[in-house]
Amino acid sequence: MSKLHFPEKFLWGSATSSYQIEGAWQEDGKGESIWDRFAHTPGKIIDGSNGDVACDHYHRWRDDIALMKELGLQAYRFSIAWPRILPQGVGVVNQKGIDFYSRLVDGLLEAGITPFVTLYHWDLPQAIQDRGGWPNRFAAEAFIEYTDVVTRALGDRVKHWITHNEPWCAGLLSHQIGEHAPGWQDWYAGLAASHHLLLSHGWAVPVIHRNSSDAEVGITLNLYPITTGERTSENLTAVRLYDGYFNRWFLDPVYGRRYPADMVEAYRKAGLLPAGELDFVVEGDFEAMAAYTDFLGVNYYSRSVVKADPKGGPFPVGDEENATLERTDMGWEVYPQGLYELLCRLHFEYQPAKIYITENGASYADAPGVDGKVHDTRRRDYLRGHFIKAHEAMAVGVPLAGYFVWSLMDNFEWARGYTQRFGIVWVDYETQVRIPKESARWLQQVIAQNAVE
Ligand code: IFM
């Protein structure tokens with residue numbers, strides 16, 4: 001195959017998040033987060049681990065920047081731990097927290113690496129949780145205070161802001177399914193939390209622009225193409241519902257379409273809305289949520305294959321039999337074509353001004369071999385397959401401006417603890433030694449040539 005060249009200004013980067021890599025969970029005045037509390041609760045994390053130390057990035061950030069520079073990364077997406085900035089969520093600002101991120105940003109800029117900052121990647125201050133957390137509108141108000149503090153401090157140097165990472169996870173996975181902090185299992189709370197996350201996104205956009213001139217602002221969503229095996233009318237309804245639950249519930253309000261009416265009806269019919277309606281929506285919320293964004297961040301890992309619930313339940317169920325067999329260690333199907341389908345759908349249906357792939361990558365456990373190297377060929381092949389599909393999508397007009405590989409280094413994979421390794425850099429958690437894997441060296445070449453072969 002001949003070389004596929006990417007446009008001149010295409011940005012290549014990698015991504016991480018605060019709780020997954022920083023450690024230093026109670027240093028320099030940092031407050032407790034819901035993930036500190038959750039991970040310290042027995043039984044919540046599969047291997048009993050937590051992010052107390054993680055990759056110790058809080059102390060090793062200089063070396064980590066040097067590594068990024070060596071790999072030729074042009075951009076780095078990281079998140080800010082809200083409880084480092086405002087230990088109680090609102091009120092007193094912790095200058096040491098600001099200083100940490102300020103030094104990190106300066107270090108990146110000195111290394112020629114563009115910082116992309118995510119304001120919220122799930123580590124809510126426990127103090128906000130104690131006041132009801134995201135299901136309470138207060139959290140959205142507190143988020144604006146936090147956004148104002150951070151963007152006033154860093155807005156002169158950071159010019160790419162992401163309000164939220166994957167509000168489906170922060171809203172539903174955390175409050176309806178209960179797999180993530182704070183671990184609730186309550187549909188209504190999940191929908192209310194999602195609403196306040198989206199609302200706080202919309203409220204934050206003008207605040208960021210006010211404090212950070214010429215900045216680009218966006219939101220990152222985790223999105224999936226949804227499909228089914230046998231195209232019966234029941235299965236097609238299942239596809240529509242699943243798409244509503246994962247994708248449209250978040251895309252529609254951000255792009256000015258309010259919540260999808262079919263989903264509101266499905267939730268009402270299933271008895272999930274105690275008042276029979278979305279009573280957490282206040283006049284003006286939809287206008288706020290639809291604030292103009294400069295880009296959409298897309299996190300893509302796999303597709304979802306679903307079917308109608310054979311037990312007659314109102315919601316679809318997964319259909320493993322109709323997915324292909326190639327899986328990552330997360331059990332997620334390897335399906336690069338889905339990235340093409342998703343990007344085209346977003347472009348033609350929602351028309352975001354610009355798209356960045358803010359996460360894409362794979363968990364494979366490959367460890368250093370006798371030669372001391374990590375031969376993670378499956379990760380390299382996974383990335384290569386997806387890069388090619390991204391390129392194809394651009395060829396039909398998708399305004400893709402950059403690509404962030406998840407993740408820069410192996411890290412704490414939430415409820416799965418340290419059992420999953422997504423990094424292009426191996427981390428030895430005992431010694432904190434970092435070893436760039438074969439995929440990192442391959443990515444280095446892709447970036448150097450701005451092309452994939
Ligand atoms: O590790 C996570 C990340 O925090 C959010 N997106 C998905 C990744 C892999 O599960």
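Before moving on, here are some points about what is shown:
- 222 nm mean residue ellipticity, helices alone, for the chain (DSSP H n ≥ 4; -39,500 (n - 2.57); rounded to 500): -11000 deg cm²/dmol
- Cα gyration tensor shape for the chain, rounded if a/c is under 1.5, else prolate or oblate: rounded
- Gain on full extension, evaluated as 0.36 nm per residue between Thr419 and Glu320 minus their Cα-Cα distance, stands at 33.4 nm.
- Region 209-270-region 309-346 distance, computed between alpha-carbon centres (Å): 16
- 16 Å Cα-Cα reach of Lys389 towards lysines, excluding residues that sit fewer than 8 places from it in its own chain: Lys3
- Figure legend: label point modelled 7 angstrom from the Cα of Thr237 along Cα→Cβ; residues of region 293-320 with amide N under 19 Å from it are 306-319.
- For region 384-435, the list of GluC sites (Glu not before Pro) that fall in a loop by DSSP and count at most 16 other C-beta atoms within 10 angstrom reads Glu430.
- In summary, no helical segment of the chain meets the span-like criteria, namely a full DSSP H run, a Cα extent along the axis of 30 angstrom or more and a mean Kyte-Doolittle hydropathy of at least 1.6.
- Net charge of Cβ neighbours under 12 Å - reference Asp123; Lys, Arg +1; Asp, Glu -1: 0
- Region 169-206 and region 9-26: distance between their alpha carbon centers, rounded to Å: 22
- Ascending count of other beta-carbon atoms within 10 Å, so fewest first, for Met1, Met68: Met1, Met68
- Residues Glu145 and Thr41, FRET efficiency given R0 of 35 Å [Cβ-Cβ distance, rounded to 0.05]: 0.80
- Shown here for region 274-316: trypsin sites (Lys or Arg not before Pro) in loop regions (DSSP other than H, G, I, E, B) with at most 16 other Cβ atoms within 10 Å, namely Lys311.
- For the chain, the residue among Gln444, Thr431, Gln88 whose Cα projects farthest onto the positive side of the dipole built from Cβ charges is Gln444.
- Ranked list, fewest to most other Cβ atoms within 10 Å of each Cβ, for Cys169, Cys55: Cys169, Cys55
- The charge dipole of the chain, taken about the Cα centre with unit charges on the Cβ atoms of Lys, Arg (+1) and Asp, Glu (-1), comes to about 600 debye, rounded to the nearest 20.
- By the rule of a C-alpha distance below 22 Å, with chain neighbours fewer than 8 residues away ignored, the lysines paired with Lys269 are Lys307, Lys311.
- Net +/- balance of residues flanking Arg416 in space, Cβ distance below 14 Å, scoring K and R +1, D and E -1: -3
Since every read-out is calculated from the coordinates, none of them should be taken as a lab result. From a predicted model like this one, the values you see are computed outputs, not experimental measurements. Glycine also receives a Cβ, built like all others from the backbone with ideal geometry; neighbour counts cover every protein chain displayed.
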